[in-house]
Amino acid sequence: MPGGKAGTLVAANALDLHVPQGEVFGLVGPNGAGKTTTLKMICGLMTPTAGRVSVHGVDVERHPEEAQRYLGYLSDFFSLYDDLKVWEYVDYFARAYKMEVAAISGRVDEVIGQVGLEGKRDSFIAGLSRGMKQRLGIARAFVHNPPALILDEPASGLDPKARHELKQLLLKLNRGGTTIFITTHILSDVEEICTSVGIMEKGRLLRCGPLAAVMQESRGARHIRVRLAAPGFALAEWLAAQPGVSDVKPGDAGAGAEFILAGDDARTSELLRALVAAGAPVCGIQESGEAFEQLYSRLSSGETM
Amino acid sequence: MIPLFSNPEFIRNCRAQLRPGRLLATLVTVALLSITIGYAIHAGDDDGRGEWAKTLLVTSLSFQLVVLGLAGGLACGLSIYREREQNTFDFQRVTRMTPMELALGKLFGAPLLSYFITLCLMPAALVGAAVAHTPPSFFLTSMLFLILGCVVFHALGLLLSLFSPRGGTGVPGALLLLFLPVMAMTGVSESRSGVAADGPWAGIAFVMEGTWRTETAVDRSGALYTPSEWTDLIFGRPVHHVPVLLVLYATFLAWILLALVRNLKRDPVDFELYSPAQSVGLLCYLNFVTLAFYRAREWGPLGYLVPAQRATVFLLFLGMNLVLLFVLGMSLLHNREQSRRRVYERGVGKPDWIEAVWPGAYVLLAAVAVALLVITRFELAPQLPGTLDKGMAAFQVVFLVVALLRDLFYFQWMKLRRSRYPFVSAVIFLGVFYVCSGVLLSTLSGLGSRQMFLLSSVPIPWAVLGMDQQAWTEGGVLWFTILAAQLGLCAVFVMLHRRQLAEMAPSAPSAPAEAEAA
């Protein structure tokens, strides 16, 4: 999908993205990064200037109605038909996605149950709370049981409880085999539910892949903390003299230190062996992990700003 | 395709609009109104000849027309616009409904409440028809006119709704403005054209004064004419007005639906009313209809209609087609996104000339097609009096088409410029240019009339419509110099357009990038 442009602004540029089946893919980036444009191109709501989008092997631009069979979409800002009842709304989209007429009634009730709106089945949408409407929107998106769900900021504006319920629902759907493509500003959610991730800024994809791999690949340096059994060894001085070690901070009343090590696992192991051989009574070592949030802010500010 | 009664959009509208409580309230209100109006009409019938029944019938049909036409038209005019404002329209675009299914669901679904009110008014209309001994065929034909005419109006409302910009509130007003001429058209009687009343009100006229007979007569100049409004002349042959009107409604509905269906699920950036081939087809169709019904008549010195002069007919069709060609050309102009996509499709390198002269080729094709149609029609009708200098006529056509292309190339270039409202700027600049040219030329009226005529044709090309034989002969080779000047201006705008396209073209990959890709 190499590009989509609006006016003079390049909203998504040279985008080459493949999301395997069964993944929960999180696309993150600041406002205006091109996330929504990307999602709209995937759903066929926008046509890329050049390149193509295919879902389940179906070209979205050439066979839009066929591609929609495999897609469920929820946009960030949306309304529902307030003059319909909850079941009528879900029923409308079940028909619009051309489900078997005989199966629609059962599926409508099943979907309403899955999003926890059984008690509101016959209520008018106008009377639902924000969280309920959000859940109904998701129900609409997966009523036709699509293999892929495309959700644009689904958790925005929800209270913590509703957000938690939403995450549980998405995980449940994913366990059932649904691929989920989600954009969000809530980075802790990405770590919690996403199996792969893409970081986007100014229309370009900075990093993309399985979450663990992205974290590992992006980790230029390791934050390591060493603890000694007793003070007496000049740990800070010894570390400062080692190649690849920087930012050494003594701690634990002379019985420990924190430092940054440039290198991979082998280099860490080598350094530890040397430390023990130098006579340091090492009793603990801890690598402090970088949260996705830190990684994201480092990438977005360091590489593109 | 899904049948209408299983169409999800139609069902949604049924559920939303036809709730039992609302239906009951509407039914009771309309019944009370019908009874009150019926009683008032009956009580006012003093002579006891049963005229009240006809009045009741016409009143009921008029109410039905206003409710279905105006209220239904407004419902359609707001339907897509409102969905876009509420961000619900995208969800319909990503469903598996085809554009035709979605369009039909909206066309018949959005005005459902108007249909219900029309149905509630039916008992009053039926009572009037029965008491007035109106033949059932007349009543049914009247209803057919009324419904089909309103459906055309509804489709137009949907199209306006689709093309109305977000945040704009002009759709209801535009529809109201449209409704008035549509209604007014019904009063037009056959004079110049061979077609009678053609608005939905024709249905009411038919139930009152219609006939199934076709009638023709010969006027004092020996030409065939139709004394009855229910007889049309197509290429000089009498045909009953009812099938003519039904065919006209159906074809116009088809054209509107075509535009609706090809754009309904598109990204608004890619909106294109018709494809170039369809636009040429529409232009030919409009000319065909005009030519079929056109009766070249004008008021003679003795106060009755006489055959029009050949030159008058030529100028009429030339003027009409220039307007249509301009509209066609404007509807084909590309915006930046469309141009960029085409440039990307053609790949790296300078944009080719075919793209740079857009939409010139289609406008020329349309001009040739229309010219052939018009020439064929009038060459086969040698009864037109007067003479027409073919050389001058050909020059006028070529000159005006080139001038039209000049303006279209200008608009196409301006539309690709980087500014907030490039097209609006282009319209304003051209408007200012024409106004200034007009003012300036009027102050130079001290020049001789021949020089003025030639001079004014450069900035204001349509001045050549007023060219006569003397001006043509006296101008001589100078006319071709002016034509060359217009062509030169066309070339300038094409070059500017090409430069804009070149800026959009994807740049060639650099050598290191190519190596990396390899």
Legend entry - Residue among A:Ala33, A:Ala278, B:Thr26 farthest towards the positive dipole end of the protein assembly as shown, charges placed on Cβ: A:Ala33
Legend entry - Averaged over B:255-268, number of beta-carbon atoms from partner chains that fall within 10 Å: 1
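At 1.306 mPa s and 10 °C, plugging the Kirkwood radius over alpha-carbon pairs of chain B into Stokes-Einstein gives what diffusion coefficient in µm²/s?
Here the translational diffusion coefficient equals 59 µm²/s.
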Inset, instruction - Between A:Glu270 and B:Ala394, with labels modelled 7 Å along Cα→Cβ, what's the label distance in nm to one decimal, could you check? - result: 9.0 nm
Inset, instruction - Before rounding to the nearest 500, sum -39500 (n - 2.57) across all DSSP H runs of length at least 4 in the protein assembly as shown and divide by the residue total; then give [θ] at 222 nm in deg cm²/dmol. - result: -18000 deg cm²/dmol
Legend entry - Gain upon complete extension [B:Ser419, B:Val477; 0.36 nm per residue less C-alpha separation]: 16.7 nm
Legend entry - Integer Hz, Karplus 6.51/-1.76/1.60 couplings in order for region B:321-329, x for Gly and Pro: 6, 5, 4, 5, 5, 5, 4, 4, x
Inset, instruction - Subtract the Cα-Cα distance of A:Lys249 and A:Leu171 from 0.36 nm times their separation in residues, and report this length gain in nm to one decimal. - result: 24.0 nm
Inset, instruction - Identify which of A:Gly72, A:Gly203, A:Gly51 has the largest mean-square fluctuation in a Gaussian network model of chain A, with springs joining Cα atoms closer than 10 Å. - result: A:Gly51
Inset, instruction - Using a Förster distance of 22 angstrom, determine the FRET efficiency expected from the C-beta separation of B:Arg82 and B:Thr251, and round it to 0.05. - result: 0.15
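Given charges of +1 on the Cβ of Lys and Arg and -1 on the Cβ of Asp and Glu, with all other atoms neutral, how large is the dipole of chain B about its Cα centre, in debye to the nearest 20?
1140 debye
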Inset, instruction - Distance from a point 7 Å along Cα→Cβ of A:Val101 to each backbone N in region B:1-20: keep the residues under 20 Å and list them by number. - result: B:1-16
Inset, instruction - Considering the options B:Ser339, B:Leu325, B:Phe409, tell which one lies farthest towards the positive end of the dipole of region B:305-506, charges being +1 on Lys and Arg and -1 on Asp and Glu at the Cβ, about the Cα centre. - result: B:Ser339
Legend entry - Of A:Lys40/A:Lys85; A:Lys172/A:Lys202; A:Lys35/B:Lys265; A:Lys98/A:Lys161; A:Lys161/A:Lys202, those spanning more than 24 Å from alpha-carbon to alpha-carbon: A:Lys40/A:Lys85; A:Lys172/A:Lys202; A:Lys98/A:Lys161; A:Lys161/A:Lys202
Legend entry - Quarter of the Cα convex hull surface for the protein assembly as shown, i.e. its orientation-mean projected area (nm²): 50.2 nm²
Inset, instruction - With +1 on each Lys and Arg Cβ and -1 on each Asp and Glu Cβ, and nothing else charged, work out how big the dipole of region A:203-284 is about its Cα centre, in Debye to the nearest 20. - result: 240 debye
Inset, instruction - Quote the FRET efficiency, to the nearest 0.05, computed for B:Phe326 versus B:Leu18 with a Förster distance R0 of 60 Å and r equal to the Cβ-Cβ distance. - result: 0.85
Inset, instruction - Round to the nearest 0.05 the FRET efficiency obtained for B:Ser6 and B:Leu316 when R0 = 56 Å and r is the Cβ-Cβ distance. - result: 0.70
Inset, instruction - In nm, give the distance between the simple-model label positions of A:Asp59 and B:Asp468, each being 7 Å from the Cα along the Cα-to-Cβ direction. - result: 6.2 nm
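Each value in this text was obtained by applying a stated rule to the coordinates, not by laboratory testing. Because the structure is predicted, anything quoted here is derived from the model rather than measured. Here the Cβ is made from the backbone with ideal geometry for all residues, glycine too, and neighbour counts use every protein chain on show.
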